[in-house]
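Novice: First, the structure itself, so that you have it in front of you.
The values are calculated or read from the model by the stated rules, or taken from the named source; none is laboratory data. Because the structure is predicted, anything quoted here is derived from the model rather than measured. Ideal geometry is used to build each Cβ from the backbone, glycine not excepted, and the neighbour counts take in all protein chains shown. Areas reflect the complete protein model, heavy atoms only, side chains present, ligands, DNA and RNA absent. Shrake-Rupley method; radii C 1.70, N 1.55, O 1.52, S 1.80 Å.
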Amino acid sequence: MSRLAMILALLILPLSAHAQTGGRIAVHIDEERNRLFLEIPAAQIGVDLLYQNTLVTGMGVNRLGLDRGQTGTSAVIRFERRGNRVLVVRDNWSVRALEGSEALERSARESFPTSVIASFPIERDSAAASTDATLRVDASSFFFSDVYDVIGRVRGAGQGSLRVDRDRSWIDEENTGSFPLNIEIRSVLTYVSDAPGGDLRQAAPDGGAATLAQHHSIVELPPTEGFRPRAFDLRAGLSSNFFFDFSQGIEGNYRDAYTSRWRLVPTDPAAYLSGELVEPEQPIVYYIDPGIPEPYRTAFIEGGMWWNGIFEAAGFRNAFQIRDLPAGANPMDARYPMIYWVHRQDPGPSVGPSYRDPRTGEIVSTVVRMDSHRSMVDFNIYAGLIPAAGDEGLGVSAEEFAMARRRQHTAHEIGHTLGIQHNFIASSQGRTSVMDYPFPLIQLDDRGRIDLSDAYRPEGGAWDSLAIRYAYTWFPDEASERDGLTRIMDEGLANGLRYITGGHASAAGSIPEATQWVEGRTMFDALERTSAVRSLLIEHFDERAIAPGEPMSLLNQRFAHVYLHHRYSLEGLIKYVGGMDFTYALRGDIQTPVRVLPAGEQRRALAMALAALEPAELAIPSRIADLIPPSPPGTDGSEIWLPTAAGTAFDPLTVAGGLATEIVENLLHPQRAHRLVLFHLRDAANPSLSEVIRALVAASWTPSTGANPEHRALRRTVQRAVLNSLLDLAGHGSATAEVRAITGAELGRLGTLIGGMQEGSEEDQAHRAMAMRDLARFAAGEDDPASRPRFPVVPLPWP
């Protein structure tokens, strides 16, 4: 696509409101009848084209998942004439037979359906017998339809049923036109609802009529000549286009994939093969949204350009560029891979999707969407540090801190559009990849003061270079490519580079270091560091975390980051319990497929996690609670991140209960529980599920005689979290029979323990009585998880 984009940039024609004739397919808008026509030359009938759909304008509400610049369908289509209609046919490129006879290919193709996604009536057939015949078709039905499926997204979010009102929809003339190698069509659709949901009413001025724009691109496919599909290696951390290959023999499994990558060809192959850095015939060029203001613009360009240096590992110089969008060009034009600025009412994800040629895996365009709110989250983290910094300050400004993150953030999202997946273990290897989710590395110096000098790495890492080498190293032929790719992966493994992605880094995962938003070689190191920083921040937290003249209620969201500063390190630490390291190993490589973590590490982690449940660790000083009033009139309440069950009063118990719930639920996740069962069966030295539950009960359901009233209440909060999680696990639909039986037995022992407790305050006794009622209902098969009191876990936005 980079070569195609460069050609198109030279050939761009001014957009016009009416018919365009410079391209192979012309577009015509009939304003009076509100219809759109395509004029398709006969030579274009039956020709494969790339169709791309993009949501131009968004809803601005995270829960609806509909953002500005969001990419939708990307597919190979063709126009076919059938009688007095032209059909738009989408072939099934997920099914192939790469080797063998034409008959075998036909058998694979005919075993699965194709899709006719549109039907256009022919309005005029000019000179049907002529070689320059043109079919004029009415394409209104397709381009006025909800191709992006906004209706389905809104319905899925429980926000009501929408329909497109054709009378309130139109084709945007200024952003519609035909070019030599592509056509661009902008549909503006008004979605109406008789009963819009709350999010819809919040997003649109009139919730019953939300008007959004969708952009459609039909682009000539890049030539397959000169682009060799690259074998996919599941260890390389790259994206792929998966397909079934039914020409495989019995030794295969009919599954195959190509690596997703842009086209890069050296200008001087001989110099390239001799080891010189060589410029590509056409670089990969991205264009930056002119709506991105400073200092973001500079930060985005600087972070994005890290990849230019990383591409040198693959032998290319000046392979990646970021340019200003040409005057008059449209950001939604498929010829311009974009870095796009997205706004919402709340913080949300930034994303790096790409459009790919499904035939080969070649990336042909992208819209990198950068969320504007994320810098507000970074600022909240920074502001929470200010009181502890004192008069000496933090050494860097808030803007410098936030832009360091945005440089890394931009490099991360662009990395996805280059074909690279997340690598959630990179932070433990010395920040080997921008494709990890980084939390700022906040340390204490030798004087016990906040140190932000190494908050974010200012460049890519060794894993990024390995992934780029695998995807983009140029080889003159198939044999050298096969050998070269093997050599690249062997070198990476020999250097100890690792890759763990996706759900394997979730809270239920088994690799401690494969955790999002952590920094540290081990999670023991990470928790010790973040806990020490957290203690200092809580000790000094006060109104200096906000600016003079700001509402004191803003301290709620600033304190949220302070109080939960160690939450992700805790999540990683808990993965030692029932922990198992693994790799995406292939037979014959040097990786160890599976290794159960040492029993000593599991028990050390359990003890550290239980220590985080102690009242002294959960307590919030009264002086902090006294600083934080409710949200004042004239605000939307978005600054209140820490919940309260006390109406206008800040609620330390609910906040502590949410943290305790998060810790305990992670410890007792059904998958972790079953790993404990399996690993203990394998080796009795490993902690058993019963041992973990009993340690948890001993650390929480112990008499609190002598403790101060606040600590008594916090102990009861932890006890409730433990009881809820045990009852949930014992009745969990996905928990195994072994797990449920063991947990049920431990609940019986807990009931005996609670029944034998006599001492304590009236609150203690009432609390225990309610617990006994819950246990009795469970024993009778009458447990109702929804009716039990719970503490909400705080969903902090991603930093």
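Novice: Going by the conditions given, is ASP324 under 30 Å from SER372 (Cβ atoms), open to solvent by 50 Å² or more (accessible area, probe 1.4 Å) and free of Cβ contacts under 8 Å to residues at least 40 places away in the same chain? Don't jump to the end; show me each part of the working.
Specialist: Working: under 30 Å from SER372 (Cβ atoms): yes; open to solvent by 50 Å² or more (accessible area, probe 1.4 Å): yes; free of Cβ contacts under 8 Å to residues at least 40 places away in the same chain: yes.
It is true that ASP324 is under 30 Å from SER372 (Cβ atoms), open to solvent by 50 Å² or more (accessible area, probe 1.4 Å) and free of Cβ contacts under 8 Å to residues at least 40 places away in the same chain.
Novice: Here is a follow-up. Among all residue pairs at least 6 apart or on different chains, which show Cβ distances below 8 Å where the first residue, located in the stretch 654-670, is under 10 Å from VAL794 (Cβ atoms) and open to solvent by 20 Å² or more (accessible area, probe 1.4 Å) and the second is outside any helix (DSSP H, G or I) and not small (Gly, Ala, Ser)?
Specialist: From the stretch 654-670, the pairs are GLU662/VAL793.
Novice: Restricting to the stretch 479-488, give me the number of residues that are surrounded by fewer than 13 Cβ atoms within 10 Å (Cβ to Cβ) and under 17 Å from ARG261 (Cα atoms).
Specialist: So the answer is 1.
Novice: Let me ask another. What number of residues within the stretch 358-381 are assigned to a strand (DSSP E or B) and of a type in the set (A, V, I, L, M, F, W, C)? Give the derivation first.
Specialist: Let us first name the residues in the stretch 358-381 that are assigned to a strand (DSSP E or B), namely 362-371.
Remaining after also requiring of a type in the set (A, V, I, L, M, F, W, C): 363-364, 367-368, 370.
Residues flagged as assigned to a strand (DSSP E or B) and of a type in the set (A, V, I, L, M, F, W, C) within the stretch 358-381 amount to 5.
Novice: Mind checking whether some residue in the stretch 87-95 is out of contact with any helix residue (DSSP H, G or I) (no Cβ under 6 Å at 6 or more places or on another chain), within 22 Å of GLU413 (Cβ to Cβ), open to solvent by 10 Å² or more (accessible area, probe 1.4 Å) and of a type in the set (Gly, Ala, Ser)? Quick ask: steps written out before the conclusion?
Specialist: Taking the stretch 87-95 as the starting set, the residues that turn out to be out of contact with any helix residue (DSSP H, G or I) (no Cβ under 6 Å at 6 or more places or on another chain) are 87-94.
Add one more test, that the residue is within 22 Å of GLU413 (Cβ to Cβ), and what stays is none.
Checking the stretch 87-95: not a single residue is out of contact with any helix residue (DSSP H, G or I) (no Cβ under 6 Å at 6 or more places or on another chain), within 22 Å of GLU413 (Cβ to Cβ), open to solvent by 10 Å² or more (accessible area, probe 1.4 Å) and of a type in the set (Gly, Ala, Ser).
Novice: Inside the stretch 37-60, can you point out the residues that are open to solvent by 10 Å² or more (accessible area, probe 1.4 Å), over 38 Å from the mean Cα position of the chain (by Cα) and either modelled with pLDDT under 50 or within 30 Å of ASP149 (Cβ to Cβ) (or both)?
Specialist: GLU39, GLN44, ILE45
Novice: Determine which single condition ALA737 fails, assuming it passes every other condition in (1) without any contact (Cβ under 8 Å) to a residue 24 or more places away in the chain; (2) of a type in the set (A, V, I, L, M, F, W, C); (3) surrounded by 14 or more Cβ atoms within 10 Å (Cβ to Cβ).
Specialist: (3)
Novice: Cβ-Cβ distance below 7 Å, separation of 6 or more or different chains: which pairs start in the stretch 745-757 with a residue that is under 21 Å from SER688 (Cα atoms) and end on one that is assigned to a helix (DSSP H, G or I) and open to solvent by 40 Å² or more (accessible area, probe 1.4 Å)?
Specialist: GLU746/ARG694; LEU747/PHE778; GLY751/MET772
Novice: Also: For the stretch 370-384, which positions are over 22 Å from ALA532 (Cβ atoms), among the small types (Gly, Ala, Ser) and either crowded, with 20+ Cβ neighbours inside 10 Å or in contact with a Pro (Cβ under 7 Å, 6 or more places away or on another chain) (or both)? Before the answer, list the steps.
Specialist: Initially, the stretch 370-384 is screened for residues over 22 Å from ALA532 (Cβ atoms), giving 370-377, 379.
So of that shortlist, the ones also among the small types (Gly, Ala, Ser) come out as 372, 375.
Of everything in the stretch 370-384, just one residue is over 22 Å from ALA532 (Cβ atoms), among the small types (Gly, Ala, Ser) and either crowded, with 20+ Cβ neighbours inside 10 Å or in contact with a Pro (Cβ under 7 Å, 6 or more places away or on another chain) (or both), namely SER375.
Novice: Which condition does ALA329 not pass, out of (1) within 24 Å of SER217 (Cβ to Cβ); (2) open to solvent by 20 Å² or more (accessible area, probe 1.4 Å); (3) out of contact with any Ser or Thr (no Cβ under 7 Å at 6 or more places or on another chain), if it passes all the others?
Specialist: Every condition holds for ALA329 apart from (2).
Novice: Which residue, of PRO280, PRO295, PRO349, PRO290, is surrounded by fewer than 19 Cβ atoms within 10 Å (Cβ to Cβ) and in contact with a Leu (Cβ under 6 Å, 6 or more places away or on another chain)?
Specialist: Details: PRO280 fails: surrounded by fewer than 19 Cβ atoms within 10 Å (Cβ to Cβ); PRO295 fails: in contact with a Leu (Cβ under 6 Å, 6 or more places away or on another chain); PRO349 fails: in contact with a Leu (Cβ under 6 Å, 6 or more places away or on another chain).
So the residue among PRO280, PRO295, PRO349, PRO290 that is surrounded by fewer than 19 Cβ atoms within 10 Å (Cβ to Cβ) and in contact with a Leu (Cβ under 6 Å, 6 or more places away or on another chain) is PRO290.
Novice: Still on this structure, I have one more. Does any residue of the stretch 457-464 turn out to be over 22 Å from TRP307 (Cβ atoms), open to solvent by 40 Å² or more (accessible area, probe 1.4 Å) and outside any loop (DSSP other than H, G, I, E, B)?
Specialist: Within the stretch 457-464, the subset over 22 Å from TRP307 (Cβ atoms) is none.
Looking through the stretch 457-464, none of the residues is over 22 Å from TRP307 (Cβ atoms), open to solvent by 40 Å² or more (accessible area, probe 1.4 Å) and outside any loop (DSSP other than H, G, I, E, B).
Novice: So HIS680 passes all but one of these: (1) farther than 16 Å from LEU753 by Cβ; (2) out of contact with any strand residue (DSSP E or B) (no Cβ under 9 Å at 6 or more places or on another chain); (3) part of a helix (DSSP H, G or I); (4) touching a residue at least 40 places away in the same chain (Cβ under 8 Å). Which condition number does it fail?
Specialist: So the condition that HIS680 fails would be (4).
Novice: Being touching a Pro at 6+ places or on another chain (Cβ under 9 Å) and open to solvent by 30 Å² or more (accessible area, probe 1.4 Å) narrows it down to one residue among TRP306, TRP341; which is it? Step through it out loud before you land on a result.
Specialist: On the way: TRP341 fails: open to solvent by 30 Å² or more (accessible area, probe 1.4 Å).
That would be TRP306, the only listed residue that is touching a Pro at 6+ places or on another chain (Cβ under 9 Å) and open to solvent by 30 Å² or more (accessible area, probe 1.4 Å).
The rows are residues; the columns are (1) open to solvent by less than 10 Å² (accessible area, probe 1.4 Å); (2) more than 23 Å from ASP30 (Cα to Cα); (3) of a type in the set (A, V, I, L, M).
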| residue | (1), (2), (3) |
| --- | --- |
| VAL150 | yes, yes, yes |
| ALA157 | no, yes, yes |
| ARG168 | no, no, no |
| ASN182 | yes, no, no |
| ILE185 | yes, no, yes |
| THR190 | yes, no, no |
| GLN214 | yes, no, no |
| GLU220 | no, yes, no |
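Novice: For the subset of the stretch 639-650 comprising residues that are touching a residue at least 24 places away in the same chain (Cβ under 8 Å) and open to solvent by 10 Å² or more (accessible area, probe 1.4 Å), which member is nearest to the chain's Cα centre (by Cα)?
Specialist: Residues of the stretch 639-650 touching a residue at least 24 places away in the same chain (Cβ under 8 Å): 639-643, 649-650.
Okay, now just the ones that are also open to solvent by 10 Å² or more (accessible area, probe 1.4 Å), so 639-641, 643, 649-650.
Working: GLU639: 24, ILE640: 24, TRP641: 21, PRO643: 25, ALA649: 35, PHE650: 32 Å.
Checking each candidate, the answer is TRP641.
Novice: Moving to a separate point now. Between a first residue in the stretch 617-637 that is more than 17 Å from ARG558 (Cα to Cα) and at pLDDT 95 or above and a second residue that is surrounded by fewer than 16 Cβ atoms within 10 Å (Cβ to Cβ) and among the hydrophobic types (A, V, I, L, M, F, W, C), which pairs have beta carbons less than 8 Å apart while being 6 or more apart in sequence or on different chains?
Specialist: Pairs that qualify, where the first residue is more than 17 Å from ARG558 (Cα to Cα) and at pLDDT 95 or above and the partner is surrounded by fewer than 16 Cβ atoms within 10 Å (Cβ to Cβ) and among the hydrophobic types (A, V, I, L, M, F, W, C), are GLU617/ALA611.
Novice: Restricting the search to the stretch 385-428, which residues are in contact with a strand residue (DSSP E or B) (Cβ under 6 Å, 6 or more places away or on another chain), among the small types (Gly, Ala, Ser) and buried (at least 23 other Cβ atoms within 10 Å of the Cβ)?
Specialist: Correct list: ALA388, GLY419.
Novice: For PHE142, all conditions in the list (1) crowded, with 16+ Cβ neighbours inside 10 Å; (2) at pLDDT below 95 hold save one; what is the number of the exception?
Specialist: It is condition (2) that PHE142 fails.
Novice: Open to solvent by 70 Å² or more (accessible area, probe 1.4 Å), farther than 30 Å from ASP199 by Cβ and of a type in the set (A, V, I, L, M): is that true of VAL116 in this structure? Give the derivation first.
Specialist: Working: open to solvent by 70 Å² or more (accessible area, probe 1.4 Å): yes; farther than 30 Å from ASP199 by Cβ: yes; of a type in the set (A, V, I, L, M): yes.
Yes.
Novice: Can you tell me how many residues within the stretch 170-180 are of a type in the set (A, V, I, L, M, F, W, C) and either open to solvent by less than 20 Å² (accessible area, probe 1.4 Å) or part of a loop (DSSP other than H, G, I, E, B) (or both)? Reasoning before the result, please.
Specialist: Residues of the stretch 170-180 that are of a type in the set (A, V, I, L, M, F, W, C), as a first pass: 170-171, 179.
Keeping just the survivors that are either open to solvent by less than 20 Å² (accessible area, probe 1.4 Å) or part of a loop (DSSP other than H, G, I, E, B) (or both) gives 171, 179.
Number satisfying all stated conditions: 2.
Novice: Which of (1) closer than 30 Å to PHE144 by Cβ; (2) part of a loop (DSSP other than H, G, I, E, B); (3) of a type in the set (Gly, Ala, Ser) does GLY226 not meet, given it meets every other one?
Specialist: Failing condition for GLY226: (1).
Novice: While we're here: Here are the criteria: (1) in contact (Cβ under 8 Å) with a residue 24 or more places away in the chain; (2) within 21 Å of PHE439 (Cβ to Cβ). Tell me which single one GLU528 does not satisfy.
Specialist: So GLU528 meets the others, but not (1).
Novice: Can you tell me which residue in the stretch 746-780 is farthest from the chain's Cα centre (by Cα), limited to those that are open to solvent by 70 Å² or more (accessible area, probe 1.4 Å), of a type outside the set (D, E, K, R) and farther than 16 Å from LEU726 by Cβ?
Specialist: GLN758
Let's see how each residue does on (1) without any contact (Cβ under 8 Å) to a residue 24 or more places away in the chain; (2) touching a Gly at 6+ places or on another chain (Cβ under 8 Å):
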site: PRO223; (1), (2): yes, no
site: PHE227; (1), (2): no, no
site: ARG230; (1), (2): no, yes
site: GLY237; (1), (2): no, no
site: ASP245; (1), (2): no, yes
site: ARG255; (1), (2): yes, no
site: SER260; (1), (2): no, yes
site: PRO269; (1), (2): no, no
site: VAL278; (1), (2): no, yes
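Novice: Further question on the same structure: What is the one condition in (1) closer than 17 Å to LEU181 by Cα; (2) at pLDDT 90 or above; (3) open to solvent by 10 Å² or more (accessible area, probe 1.4 Å); (4) polar (S, T, N, Q) that ASN34 does not satisfy?
Specialist: Here ASN34 meets the rest and fails (1).
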